[in-house]
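Data first, discussion second: the structure below is written as structure tokens.
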Amino acid sequence: MGLTYTAERAQEIADNLAGVKAKLDETLQSKGTSTQTARLVAVSKLKPASDILAAYEKSGHRNFGENYVQELEEKSKELPGDIKWHFIGSLQSNKCKVVAAIPNIFVVETVDSAKKATTLDKACAAAARSEPLRIFLQVNTSGEGSKSGMLPSGALEVAQHVVSTCSHLKLAGLMTIGSPNPDLENGENPDFKALNECRTTIQDALKINDLELSMGMSDDFERALLQGSTNIRVGSTIFGSRPPFNKTAA
Ligand SMILES: *Cc1c(COP(=O)(O)O)cnc(C)c1O
């Protein structure tokens with residue numbers, strides 16, 4: 001593999017990853033009785049593939065998150081095949097085929113409508129994947145118009161649609177992006193509370209009990225863990241600040 005990184009860069013990423021993992025463990029331990037476990041997704045968007053390889057080789061990290069389909073496709077081709085890729089960007093219908101064709105895509109976290117689920121389901125059928133592709137439904141828990149995702153009130157209907165009509169998808173969880181400056185209520189982030197409530201509604205109605213909660217980023221992952229997150233998505237704390245988004249990369 002023609003990817004190189006310096007020992008200094010690998011050490012920096014390893015230290016950052018270890019710092020986040022330590023906080024993750026401490027936070028879960030502080031909850032005491034809980035049997036909750038949580039996965040750390042290292043969000044590598046707009047960062048070079050060599051950074052990912054450094055985390056893979058030096059820290060043994062395997063879960064990485066990407067936001068842009070073309071960037072994910074390119075990185076997946078040049079990086080080891082046992083990486084677990086999380087697609088966490090806005091999912092366009094015309095890009096579902098490319099995403100479904102990535103052999104080691106682990107989960108698409110950003111399915112935001114029944115229609116998009118159907119498009120992705122068909123793409124998975126065409127790609128002849130051997131197992132159903134895991135998806136999370138992205139929920140707009142703050143109700144802000146500028147945010148993507150379905151409203152909590154519509155999530156059950158989409159979940160029912162996935163379970164009953166999308167045989168190439170596996171409904172595996174719910175995802176939200178918390179407000180950057182939430183007004184905590186009794187110490188709780190209302191976005192994370194809303195995602196929990198949404199999960200309860202769906203699990204009760206569909207008689208299932210294994211849905212994950214993907215919530216928490218660099219600024220709020222500890223709070224998200226305290227409120228039940230099983231999948232945190234941390235970028236800048238691990239890889240440093242990102243270059244400005246360049247449209248052509250999408
Ligand atoms: C970029 C991104 C992250 C990581 O954000 P940081 O603040 O850098 O940790 C997490 N989730 C989603 C959906 C993102 O787009």
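The values are calculated or read from the model by the stated rules, or taken from the named source; none is laboratory data. Predicted, not measured: the structure shown is a model, and the values here were computed from it. Cβ placement follows ideal geometry from the backbone for every residue including glycine, while neighbour counts extend to all protein chains displayed.
Let's see how each residue does on (1) within 16 Å of the ligand (Cβ to nearest atom); (2) part of a helix (DSSP H, G or I):
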residue	(1), (2)
Gly154	no, yes
Ser164	no, yes
Lys170	no, no
Gly173	yes, no
Ile177	yes, no
**Fill in**
Quick count over segment 59-74, residues being crowded, with 22+ Cβ neighbours inside 10 Å and either of a type in the set (D, E, K, R) or away from the ligand (no atom under 16 Å from the Cβ) (or both), is 1
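A quick yes/no check of all residues on (1) surrounded by fewer than 14 Cβ atoms within 10 Å (Cβ to Cβ); (2) within 17 Å of the chain's Cα centre (by Cα):
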| residue | (1), (2) |
| --- | --- |
| Asp15 | yes, no |
| Lys23 | no, no |
| Gln29 | yes, no |
| Gly32 | yes, no |
| Thr37 | yes, yes |
| Val41 | no, yes |
| Asp51 | no, no |
| Ala55 | no, no |
**Message:** Residue pairs, Cβ under 7 Å, 6 or more apart or interchain, first in segment 62-77 and touching a residue at least 60 places away in the same chain (Cβ under 8 Å), second of a type in the set (S, T, N, Q) and not in a helix (DSSP H, G or I). List them.
**Reply:** Gly65/Ser44
**Item:** Yes/no for Ser130 being of a type outside the set (Val, Ile, Thr), more than 17 Å from Val69 (Cβ to Cβ) and in a helix (DSSP H, G or I)
**Value:** no
**Asked** Out of segment 127-175, which residues are free of Cβ contacts under 8 Å to residues at least 40 places away in the same chain, among the small types (Gly, Ala, Ser) and either closer than 25 Å to Ala38 by Cα or surrounded by 15 or more Cβ atoms within 10 Å (Cβ to Cβ) (or both)?
**Response** Ala127, Gly149, Gly154
**Message:** Against the definition (crowded, with 21+ Cβ neighbours inside 10 Å and in contact with a Gly (Cβ under 6 Å, 6 or more places away or on another chain)), how does Ile88 come out, yes or no?
**Reply:** yes
**Request:** Answer yes or no: is there a residue in segment 133-150 that is part of a helix (DSSP H, G or I) and polar (S, T, N, Q).
**Result:** no
**Complete:** Residue hits (segment 88-115; among the charged types (D, E, K, R) and away from the ligand (no atom under 16 Å from the Cβ)) are Lys97, Lys115
**Message:** I'm checking my understanding of the structure. Among residues of segment 202-220 that are more than 16 Å from the ligand (Cβ to nearest atom) and surrounded by 19 or more Cβ atoms within 10 Å (Cβ to Cβ), which one is farthest from Arg39 (Cα to Cα)?
**Reply:** Ile202
**Request:** Could you give me the residue pairs with C-beta distances under 6 Å whose first residue belongs to segment 2-18 and is at negative phi, whose second residue is charged (D, E, K, R) and part of a helix (DSSP H, G or I) wherever it lies, and which are 6+ apart or on separate chains?
**Result:** Ala10/Lys58; Ala14/Lys58
**Prompt:** Do you know which residues across segment 221-241 are within 9 Å of the ligand (Cβ to nearest atom) and either assigned to a helix (DSSP H, G or I) or in contact with a His (Cβ under 7 Å, 6 or more places away or on another chain) (or both)?
**Reply:** Phe221, Ser236, Thr237, Ile238, Phe239
**Fill in**
The condition from (1) outside any strand (DSSP E or B); (2) at pLDDT 95 or above; (3) of a type in the set (A, V, I, L, M) that Val107 misses is numbered (1)
